[in-house]
Amino acid sequence: MFVQIITAKVTDPDLHRRQLDTWRRDLKPGAKGYLGSTGGVTADGELFQIVRFASEAAAEENSTRAEQGLWWSATEAALDNVAFVNSSDVRSFVGGGSDAAGFVQVMEAAVSDRARFDELLTEFETKIPAHRPELFGGLVIWHDDGRMTMAAYFASEAEARAGEAREMPDDMKALDDEWRSLLSDLRFYDLVNPELDSA
């Protein structure tokens, strides 16, 4: 899987909404290799979008379509401070992403020890479904600079917050404490009305 992460400040929400609708109606049918997307706008107007393709070549082919270029030129008028991250280094956990999610929490962070991070995530996968049944799963996307983005898909925000508040079993708490010790320079995007789309 190849993903492109797009972040920006939304300056014209109505135009942005119309452009999303236009893409899905007019451009999506011709987007070869498109697998789906997860996105949304935070309460303070920050756009976060993960667009999934079968391969980097498919993503590049889509970006060179004339209609895609025209669409993006119009879409940029609704955005400021646009940034992109491309990656083929993607891992799913638990059940992966889900279009049934009512809430998606995204975390971006620097990771001091990727190997240990991966080991701890594998351990978590065996334990967390019993403790956090509202978590459908998620994706971990690695950046070239060693940072990572994690998107976690939940049934709803209310259930996710209730799950956060529950006390962890001792073995899970130890894992969680060590996992958090590997992270720094954290940034969160809470997508309370996520836009979820699969091909």
| Ellipsoid semi-axes in whole angstrom, largest first, where each is sqrt(5λ) of the Cα gyration tensor of segment 2-88 | 21, 15, 11
| remark: Relative contact order in percent for the chain (Cα pairs under 8 Å, 6+ apart) equals 29
| request: Would you please put 168-174, 157-163 in order of how densely packed they are, using the mean number of other Cβ atoms within 10 angstrom per residue and starting with the highest? | output: 157-163, 168-174
| query | When the helices in the chain are scored as -39500 (n - 2.57) per DSSP H run of 4 or longer and the sum is shared across all residues, what 222 nm value do you end up with, to the nearest 500 deg cm²/dmol? | reply | -10000 deg cm²/dmol
| How far is helix 66-75 tilted off the main Cα axis of the chain, in degrees rounded to 10, range 0 to 90? | 70
| field | segment 34-131: translational diffusion in µm²/s, Stokes-Einstein, Kirkwood Rh over Cα pairs, 25 °C, 0.890 mPa s | value | 148
| task | Calculate I(q)/I(0) for the chain by the Debye formula, one identical point scatterer on each C-alpha and no solvent, and give its log10 at q = 0.12, 0.14 Å⁻¹ to two decimals. | result | -0.63, -0.84
| query | Roughly how big is segment 1-143's charge dipole about its Cα centre, with Cβ charges of +1 (Lys, Arg) and -1 (Asp, Glu), in debye to the nearest 20? | reply | 320
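All of the numbers you see were taken from the coordinates with simple rules; none came from a lab. Owing to the predicted nature of the structure, the values given are computational and were not obtained by experimental measurement. Counting neighbours? That spans all protein chains shown, and the Cβs are built from the backbone with ideal geometry, glycine included.
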